[in-house]
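Have a look at the structure below before the remarks.
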Amino acid sequence: MARQKGVIKLEGRIGDLSFYKSGGDYLARSKGGVDGERIKKDPAFVRTRENGAEFGRAGKAGKLLRGALKTPIAQVADKKVASRLTTALLKVIQGDTNNARGERTVLQGDLNLLQGFEFNEATGLDEVLKAAYTVGFDRASGQAAVSIEFTNPSLELSQVEGATQARFTVGVAAVDFENKEFEVDVVESAVVDLNLSAAATVDTTATIGADSTRPVFVVFGVEYYQTVNGQLYLINNKESGALSMVAIDLL
């Protein structure tokens, strides 16, 4: 792999050279590697096939989970969230102690490893929110509840340039990884004035169907807004918003 220099940047293929953009950089590489048919059949590449199968499952599971939670993710996610989530889910799959390599699955892996996953790598939830909060999910009712206890919001919320208010998001999703289905609910809290210095409690509850038989994931995040002529406008700054996986409930 080599970096492209000069004013004109190329994308595409010329002969045995491929030119492409990755992470904001323009790169080039030569054609090479092992023939695809050999990888599929040669016993020497059995580990490669096993790793590829599990990586593929991780990618599909990540796409499904991102699709279920696309509304809150879209506001705050960094550009590498898809690859980071795939990597996290690959570790989940590798935690499967029941199946052989190459056949391990997300459902039999350790899904609790996703606890604390940050959808915005630049800003973690605990960096933005300093107030104490509790998270609970009741499978019998399908309710995911988050309660924040502020003593002084002006000191317990990060101050973002241009922002006048903050609002919290709670999302709960029951995900069927085998059938590629999900049920989801996303709820936003009332706004909190960033200049408020009095104690306040913010309760937000999202609800799915009662007694779900699927793994359940709860995300919690914060976004910043500016009020102009009585209207709220989102501060579209990826370094200010945060969204974290705060609870996972497995059967």
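The values are calculated or read from the model by the stated rules, or taken from the named source; none is laboratory data. Just so you know, these numbers come straight off a predicted model, no measurement behind them. With ideal geometry, Cβ positions are generated from the backbone for all residues, glycine too; neighbour counts draw on all protein chains shown.
Counting just the residues of the stretch 203-230 that are of a type in the set (S, T, N, Q) and over 26 Å from Glu156 (Cβ atoms), which one comes out surrounded by the fewest Cβ atoms within 10 Å (Cβ to Cβ)?
Step one: filter the stretch 203-230 for residues of a type in the set (S, T, N, Q), giving 204-205, 207, 212-213, 226-227, 229.
Those still in the list that are over 26 Å from Glu156 (Cβ atoms) too: 207, 212-213, 229.
Numbers: Thr207: 15, Ser212: 19, Thr213: 8, Asn229: 5.
So the residue we want is Asn229.
Just checking, how many residues over the stretch 96-122 are closer than 23 Å to Ala173 by Cβ, in contact with a helix residue (DSSP H, G or I) (Cβ under 7 Å, 6 or more places away or on another chain) and in a loop (DSSP other than H, G, I, E, B)?
Qualifying residue count, the stretch 96-122: 9.
Being buried (at least 17 other Cβ atoms within 10 Å of the Cβ) and of a type outside the set (S, T, N, Q) narrows it down to one of Ala144, Ala140, Ala132, so name that one.
Ala144
Read through the list (1) on the phi < 0 side of the Ramachandran plot; (2) assigned to a loop (DSSP other than H, G, I, E, B), then give the number of the only condition that Ile73 fails.
(2)
Answer with yes or no whether Ala53 is surrounded by fewer than 16 Cβ atoms within 10 Å (Cβ to Cβ) and assigned by TED's automatic domain parsing to the domain that holds Ser240. Spell out how you get there, then give the answer.
On the way: surrounded by fewer than 16 Cβ atoms within 10 Å (Cβ to Cβ): yes; assigned by TED's automatic domain parsing to the domain that holds Ser240: no.
When the stated conditions are applied, Ala53 does not pass them.
Suppose we filter the stretch 132-158 for residues that are assigned to a strand (DSSP E or B), among the small types (Gly, Ala, Ser) and either over 20 Å from Ala206 (Cβ atoms) or free of Cβ contacts under 8 Å to residues at least 60 places away in the same chain (or both); how many remain?
2
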